[in-house]
């Protein structure tokens, strides 16, 4: 079968040429194996086989298919057949001789590349290569930048006889591509994009037990003044405003004390000492108001405060109480009312 016939077959079988060699880098530096087929479409594997300067020698990327492509990188724009001394395969200016090749239409595949020196080499010092002989690389170069940049190369080592140009080619190294490098990363990223819905803004409220009454101990004389202590009892500020989180103030007001048996006999509310305290809180930023000292207390006064942006949840409060009656007041039970009012900041 002649060169023209092989060319026809290569074009006819482009779509079916799927048996392509694995990209095993060769000992001479070739990017992959380049197999040789003779004019009878027979694979040449014997490295002692002698090709003449003009005998048919076709390059294929497949061991089982004469028209298996040698596929250039996507960056390639052109392809050449070249002869170069070892180490100069990827420098066009250093090639000894070369000639144009081509891609199959719509691909980066070189199919049935003509490696015959007397046919393929049309530029450079191909006559000197033939007359002087020596060891060369013979194969396909993939290029861009008007042929000046080599982006891929598939070639065999050829030993050329001086004068006749007859040559032999080194054997192809078989094998499988090396496995990809093991992943040694120790970190990785995962994109997260959960959706959310807006929270409902609750209300601010104050809870005081129904019928609440402070408990006082039995009075004693301190500096000859009737003195008794007690506790207010727990009250709860509930702030459910999870969206606005404005904060709050809790204020305490007290009425003057009135004798339960004689409503004309009164004691000033200033005689009630009060020390507010936090029992528990689900919120942060809650502080208590100033201590009111019995005898000089001032009402209305700040009992506690919740800072804005921090006080969502329940806060339980209490207070220690001290009531000191003036020495000139009649003994008995005195009644007053302490009113707590929570307001938003």
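List of remarks:
- Alpha-carbon centroid distance for the pair region 272-345 / region 117-153, whole angstrom: 100 Å
- Helix 3-12 axis, angle to the chain major axis (alpha carbon atoms, nearest 10°): 30 degrees
- Distance between the C-alpha centres of region 155-234 and region 28-71: 58 Å, rounded to the whole angstrom.
- Peptide packing for 26-37, 305-316 was compared via the average number of neighbouring C-beta atoms within 10 Å per residue; ordered from the highest value, the list is 26-37, 305-316.
- Mean separation of Cα contacts under 8 Å (6+ apart) over length of region 121-161, as relative contact order %: 43 percent
- Just so you know, the averaged projected area of the alpha carbon convex hull for region 3-169 sits at 8.6 nm².
- For region 204-344, diffusion coefficient by Stokes-Einstein and Kirkwood Rh (Cα), 37 °C, 0.692 mPa s, µm²/s: 206 µm²/s
- Each peptide in 55-67, 142-154, 260-272 gets a packing score, the mean of other Cβ atoms within 10 Å over its residues, and the list from highest to lowest is 55-67, 142-154, 260-272.
- Peptides ranked, highest mean first, by Cβ atoms within 10 Å: ranges 107-118, 318-329, 74-85, 127-138: 107-118, 74-85, 127-138, 318-329
- Pair-distance distribution of the chain: all C-alpha pairs, bin width 10 Å, starting at 0; shares per bin in whole percent are 5, 19, 16, 7, 4, 3, 3, 5, 8, 9, 9, 8, 4, 1, 0.
Where a number appears in this text, it was derived from the coordinates with a stated rule and is not lab data. No experiment lies behind these values; they were computed from the predicted model shown. Glycine gets a Cβ as well: all are built from the backbone with ideal geometry, and neighbour counts include every protein chain shown.
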